[in-house]
1. Relative contact order of the chain: what whole-number percent is it, with Cα pairs under 8 angstrom and at least 6 residues apart?
2. So for the pair Arg105, Gln126, with labels modelled 7 Å out along Cα→Cβ, what separation do we get in nm?
3. What does the convex hull of the Cα atoms come to per residue for the stretch 1-108, in Å³?
4. Could you pull the Rg and Dmax for the chain, using just the Cα atoms, both in Å?
5. Dividing the alpha-carbon Rg of the stretch 62-122 by 2.2 N^0.38 Å yields what?
6. With only Lys, Arg, Asp and Glu charged, each at its Cβ (+1 for the first two, -1 for the last two), find how big the charge dipole of the chain is about the Cα centre; round to the nearest 20 debye.
7. Would you please classify the overall shape of the stretch 107-191 from the alpha carbon gyration tensor, given that a ≥ b ≥ c denote the square roots of the eigenvalues, rounded means a/c under 1.5, and beyond that prolate means a/b larger than b/c while oblate covers the rest?
8. Could you tell me which residue out of Pro87, Val116, Gly66 lies farthest along the dipole of the stretch 3-201 toward its positive end? Charges go on the beta carbon: Lys and Arg +1, Asp and Glu -1, centred on the Cα centre.
Amino acid sequence: MKPELWDRVSDYLGRAISPGQRATLDLYRDWLEDEAIPGGGLGPEESDRLEHRHIADSLLFYSGWGDRQPPDAIWDLGSGVGLPGIPLAVLLPESEVLLVDRSGRRVDMAKRAVRVLGLHNVTVSQGDIHDLQGEAPMLVARAVTSLAELGPVIERHLQSGGRAVVGGSWMSPSRHLPAGWKVKEIPRHLLDRPVWLLIMRG
């Protein structure tokens, strides 16, 4: 990723992205291009926008957590090839990150990415998000399914006082959100186009 993009994201989040973390995210970007796109984990047209639309976008999910200590655990619901979970795991090494996806092919690719990046705070699990057990302080989901379907899953598994952050839309969100959800608009100068996050407090 370009240094100015790193700097904008870091300043917005109020959290430094170390040279080592930048190198790991650059390696992840290369892996997405070399393995995830050819393997069908991302569309072929995504190659030129991996930095803004996928990696930086994923890091910005942390802005939904608020000005607090990082969460002990993050669950990425429908993670695919690790977005947004893997960038968040790189940014937050103190957080245990669970990637959940029902596709065996995507799970295998995510496991491969975790090995390539040498991440020790990530677990990858194959399964349906509707079958999860337990709770976590931070739940994230990116371009998975409709909020109407995702909402009940989040309500079951979000710890009291936690945050759920849902994103993936590059279009203006609906003005008619379910109760409990709020819209957070990411400043336009950060990425290559406007983006919104939807946030629920537990």
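Every read-out reported here was derived from the displayed coordinates using simple, explicitly stated rules and does not represent laboratory data. Just so you know, these numbers come straight off a predicted model, no measurement behind them. As a convention, Cβ positions derive from the backbone with ideal geometry for all residues, glycine included, and neighbour counts pool all protein chains shown.
1. Working: 354 pairs, mean separation 37.1, N = 202.
It comes to 18 percent, rounded to a whole number.
2. Between Arg105 and Gln126, the simple spin-label model gives 1.3 nm.
3. Working: hull volume 10.2 nm³, N = 108.
With only Cα atoms used, the stretch 1-108 gives 95 Å³ per residue.
4. Rg, Dmax (Cα atoms, Å): 15.5, 42.
5. Against the compact-globule rule of thumb, the ratio is 1.09.
6. Details: 23 positive and 27 negative charges, 88 e Å.
The dipole magnitude comes to about 420 debye.
7. Details: a/c = 1.95, a/b = 1.31, b/c = 1.49.
In terms of gyration-tensor shape, oblate.
8. Result: Gly66, furthest along the dipole toward the positive end.
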